[in-house]
Amino acid sequence: MRTSWNSSSPKRKAKRASRDFPVVCVGGSAGGLDAYIRLLRNLPADMGVAIVIVNHLRTVATLLHEILPQYTTMPVELITDRLVIEPNHVFIVPAQHDLHVLAGEFRLKPISKPRGWPDVITVFLRSLTEHWDGKLIAVIVSGYDGDGAAALRGIK
């Protein structure tokens with residue numbers, strides 16, 4: 001359910017301004033680690049974007065939030081439910097969760113495809129296109145079974 005705001009309300013302007021930065025979704029699988037490292041080594045820490053790494057791990061817990069901080073000065077966080085999306089941060093999706101966005105926050109749900117290859121990149125990109133006011137950038141660095149490919153059409 002969406003809350004209606006008066007566009008002249010200071011609260012509305014502050015809320016919109018806080019979400020007026022790009023989100024970069026970097027999707028991949030176990031083979032994406034090298035690409036994540038190379039990307040973070042070469043990005044300035046003050047670009048004003050939120051980087052969300054969506055690795056479609058199904059059964060193994062991710063260690064990316066422990067590995068990647070040595071390659072960037074940006075804070076690297078494992079996403080928790082209702083974590084606020086901020087620029088100049090790197091966010092990592094936890095294993096066995098679908099990731100959504102609502103009201104400038106991450107929302108975690110149990111993985112919707114528990115058997116077969118998960119489609120967590122697709123789920124997240126679709127949520128972004130529906131619920132994010134700022135610009136969107138998507139990069140698929142590795143993967144299997146087309147995860148993310150269909151949702152790329154929603155990125156303009």
Rounded to whole Hz, the Karplus (6.51, -1.76, 1.60) HN-Hα couplings of region 75-80, x for glycine and proline: x, 10, 10, 6, 5, 10
Inter-label distance, nm, simple model (7 Å from Cα along the C-beta direction), residue 20/residue 38: 3.6 nm
Protection proxy ranking of 25-34, 99-108, 128-137 - average other beta-carbon atoms within 10 Å, highest first: 25-34, 99-108, 128-137
Residue 131-residue 30 pseudo-label distance in nm [points 7 Å out on the Cα-to-Cβ vector]: 3.0 nm
Highest average packing first - 71-78, 49-56, 91-98, 37-44, Cβ atoms within 10 Å: 49-56, 91-98, 71-78, 37-44
R0 of 22 Å, Cβ-Cβ distance residue 66-residue 150: FRET efficiency to nearest 0.05: 0.10
Average Cα contact separation per residue, region 60-111, under 8 Å, 6 or more apart, as relative contact order %: 33 percent
Amide proton proximity set for residue 49, modelled H, under 5 Å, gap of 5+: 88
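Laboratory data are not the source of any read-out in this text; all were calculated from the coordinates shown. These numbers come from a predicted model, not from an experiment. All Cβ positions, glycine included, derive from the backbone under ideal geometry; neighbour counts span all protein chains shown.
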